[in-house]
Amino acid sequence: MAFIKEESEDMKIEETFNVKHEDTEEQTNMIIIKEETEDMKTEEIFRVKQDTEERTECSSVQRALDLLGLIDGDNSDLDVSDYDDPILDGNYQPSPHEKSSSEDSSDDENPISEPTVHSIGCKHADSADNGSWTGTETGAGTGSCCTHRPRRQSQEIEAGSSVDDLEEPPGPSQTTKKKKGDSEQGHGLRWKATQLTPKLTEYQHQDKTDLDRHGWTPLDYLEHYIDRDLMMTIAECSNIMSLSKSGEPLNMTVDEVYHFFGACIFMSCIRYPTIRMYWSKALKITAITDKFTRSRFFKLREAIKVVIDHDVPEDLKMSDKFWKVRPFLDRILRGCLSLNRPDCASISEQMIPFTGACPCRQYLPMKPNPVGIKNFLCATADGIVLDFELYQGTGSLIEKVEEPEGLSLGNLVIERLCQTLHRGTKVYCNRFFTTIKGVQRMMDKELYMTGTITKNQLTEVKHKLPSDKAMKNAGRGTSSEVSAGDGKLCVVKWYDNKPVLLVSVVHGRQPEDTCQRWDKKKKQYVTVSRPSIIREYNSKMGGVDLMDRMISNYRMSTRTKKWTMRMVMHFTDLALANSWLLYRKDHAICAGPKTRPIQFLQFRMEVAMTLLAQHHSADADLSAQSEEEEHSNQGVKRHVTELPHVSVRRRANAHLPEIISLKNAMRCRQLGCTGRTRVRCMTCKVFLCLQTERNCFLAFHT
């Protein structure tokens, strides 16, 4: 029995031990499961925290974009406190728990807080309860407290400024740059339906006057652009290049260069279908044929050079596409830059017609000459060219402009051509050159632009202007105006046959006047209301068009395949047109309104005849060919020598008398003299009386 009892007790102890052992294993398993559950919770906490931070950043970006949109428009209804993001909450105050958490984290380099269920709560729920983030987030490294510090700093910056004063709202930098770049299209400016209040700098006039040219002849005006030094350069370069290419000397003299340009100007005034007809027996013009033969003229035209090709460095050839005519262009440009600068100037583009091979040929379908070389001009309202720039790519303009980053081609041209204008000058241009960014940039330099502009440059302004349909229903002459918040910039929309948009910092809608417009339906002129900006733009913008029209009337159209000759002829036409416009301006000041100035055609003829009569060599015989023809045809037909130009007649050092042994004396060519004589001038080849009682030789040459 005792043995049985001991066995029973042993069995009980063993069962108890087994039970305890099973309990221990179950507890161990529970601890392991609990640890695995806590690890899973920790991973879940990290994942939820990461998702929450991403939602927070997205929400912050969205709120920043909304704020930027409200800044462009009316933000009077903005309620910052309704935003869920505590950064954008104007009444945001950090909770005590957050303050203590931030203070503790600042003392500990690597704080690690215990994860709690409360720390993984939704941000929107906490914001709805407390208006701030109250949980203690757990993250890697520095934890959540380091995340709150820059947020409180952003909140402190915004607390002392309104929404309109925000310069860089929180969000990605790309969004900020995009908004700043939108200022070119009118973004960032507050537009209101108010009148323009311009604040302009007074124009600074030059000390020089236009009265210094009193008594100038037409040739003097031309030599302001094309002088004798340039003619000598052309003769020297042409001889050197002709000798290096063909091995034969050209023997071009400076007088021949003068005669060549005079003949080309003369041909532009009296047009024949072909150049060869000027030397034909039936239609020849002795003013041209007496200077050189037909073959000599074509040989000179083919050999005309402005530079010596071998002396031009390779880097200049690569950077300048028009290096072959650069000295000629620089001399014309120097004459334009020496003119007085007015208070108003216009900028537009010009086409040099040429369809052959050239370094930089352009195609503009809306121009009268669509194919050719593009030239940007800065001219006065009277058409006088002040500056020009040949287009050879955007890169050449970037090198000549300060701070060219972000500027379009039109803005680069404006920056380049306005470099010689004075402060306070009003600049007028068309829509190719006009942008809001360009207008503001020129206004900072105290140059005030006015010009047409396209709709895509005014994406924010067009919503505050009447639609095209509404203005069409209102009738012709309807206009509307909006101005920037500071009142320094305005946009005017006017409806005539079609709507037109103009931007200006000088002129606005008022005062309005009326103008006459043709009505196709009524077949008569009707009176239409016109804003002030339209009147000023039309009166100041026609300078470049006037220059184009004058050049096209008497263009030196020497048919050639060489673009260099085309450029030389075009800029000679430009110099002639500029000279006549300058002469007409001086004539109005000096002579008064009673005396009429000579016309442009007569002005060109005067210059051509003077150039053809140029004679700078004392021992040269300008009419040797005519003398040979005279002797050969003496018995057949009497040759009447043409009277030389007054500029040649009055050059005393080149005129000597000679006695010609003739059977019959020749009639004296002095005006009013009826006598006969055998004395002839060796230079002029005309017979003049040289007697004690009648000295026609002296009277003719003085």
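The values are calculated or read from the model by the stated rules, or taken from the named source; none is laboratory data. Predicted model, so just to flag it, every value in this text is computed and none were measured. Glycine gets a Cβ as well: all are built from the backbone with ideal geometry, and neighbour counts include every protein chain shown. Quick note on the areas: whole protein, heavy atoms, side chains included, nothing else; ligands and nucleic acids left out. Shrake-Rupley method; radii C 1.70, N 1.55, O 1.52, S 1.80 Å.
Observations, loosely collected:
- Heavy-atom accessible area for His224, with the other protein chains in place and a 1.4 Å probe, reaches approximately 50 Å².
- Segment 235-391: equivalent-ellipsoid semi-axes (sqrt of 5 x gyration tensor eigenvalues, Cα, Å): 30, 23, 17
- For peptides 246-256, 334-344, sequence by mean Cβ density within 10 Å, most packed first: 334-344, 246-256
- Classification of segment 311-407 by its C-alpha gyration tensor yields a rounded form. The axis ratio a/c (a ≥ b ≥ c) stays under 1.5.
- Computed over segment 227-328, the convex hull of the alpha-carbon atoms projects to a mean area of 7.7 nm².
- With all protein chains modelled, accessible area of Ile659 [1.4 Å, Å²]: 140 Å²
- Over 30 Å (Cα to Cα) - which of Lys192/Lys498; Lys291/Lys374; Lys445/Lys472; Lys284/Lys367 fall in this group: Lys291/Lys374; Lys445/Lys472; Lys284/Lys367
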